[in-house]
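Report on one structure; see the data block that follows.
Values in this text are rule-based calculations from the coordinates and carry no lab data. The structure presented is a predicted model; accordingly, all values stated were derived computationally and were not measured. All Cβ positions, glycine included, derive from the backbone under ideal geometry; neighbour counts span all protein chains shown.
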């Protein structure tokens, strides 16, 4: 297994997020200053600033000029429900819609990975995750043989992987929300022309995630989810330059 290429930014964001969701930093309190965080994580101020921006994008902190970041939400359920209510009930531009959908998936999948080792029936979920990973690998082989259906097969297996991980979360509210939003994500993924190397890297990352979950390496599993889905988020958002308002359709 290759070592995970976890950046300082994602590592800092993951640890701070864990502390917020665990109520180490409670709702309404202020995080340490950027200088203090840089010293704590033995890094420069830039990765700290970027990590705080990731937390702000997830709705966990607010950042004001000249002030330390303030914790505004310590409940994953409230966070997901707040975003989902906004999506379902408002006219929203395509870019913002997709950004919110990706953030929902990152938050729910991260929570599932964090709690996986305590999950009843985790062997069954892990078996399903490994099966989806094997299907992605098989699709990559078909892709190299110019099989026209290979990309669709990969996308279907990847969608199954994420749906299984979300279902493993066990929270019926979050599962219902994700099931309502996932068709939009699926259509988006089918419309993007990923390169063979991008698909291969994601397939390997999912295999590494399965290994981490199987071995009970929770911190590694969470980091893999954050790195893989945040990178995918950036790739997807690059395809959404249109900011004209549009009403989301869930048909």
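Take each peptide in 33-41, 224-232, count the other Cβ atoms within 10 Å of every residue, and average; sorted highest first, the result is 224-232, 33-41. Distance between the modelled labels on residue 195 and residue 144, one decimal in nanometres: 1.7 nm (7 Å Cα→Cβ projection). The protection proxy used here, the mean number of other Cβ atoms lying within 10 Å of each residue, ranks peptides 143-155, 107-119 as follows, highest first: 107-119, 143-155. In this label model, residue 27 and residue 215 are separated by 3.8 nm, measuring between points 7 Å along each Cα→Cβ vector. Size estimate for the stretch 8-71 follows the Kirkwood approach: the inverse of mean 1/r over distinct Cα pairs works out to 11.4 Å. When each of the peptides 179-185, 127-133 is scored by the mean number of other C-beta atoms lying within 10 Å of its residues, the order from highest to lowest reads 127-133, 179-185. Put in line by how crowded their Cβ is, counting other Cβ atoms within 10 Å and starting with the fewest, 205, 219 read 219, 205. Full extension of the segment from residue 127 to residue 19, taken as 0.36 nm per residue of separation minus the current Cα-Cα distance, would add 35.9 nm. When you restrict to C-alpha pairs under 8 Å that are six or more residues apart and normalise by the size of the stretch 8-71, the relative contact order lands at 43 percent.
Note on residue 239 and residue 36: their simple-model spin labels are 4.3 nm apart, each label 7 Å out from Cα toward Cβ.
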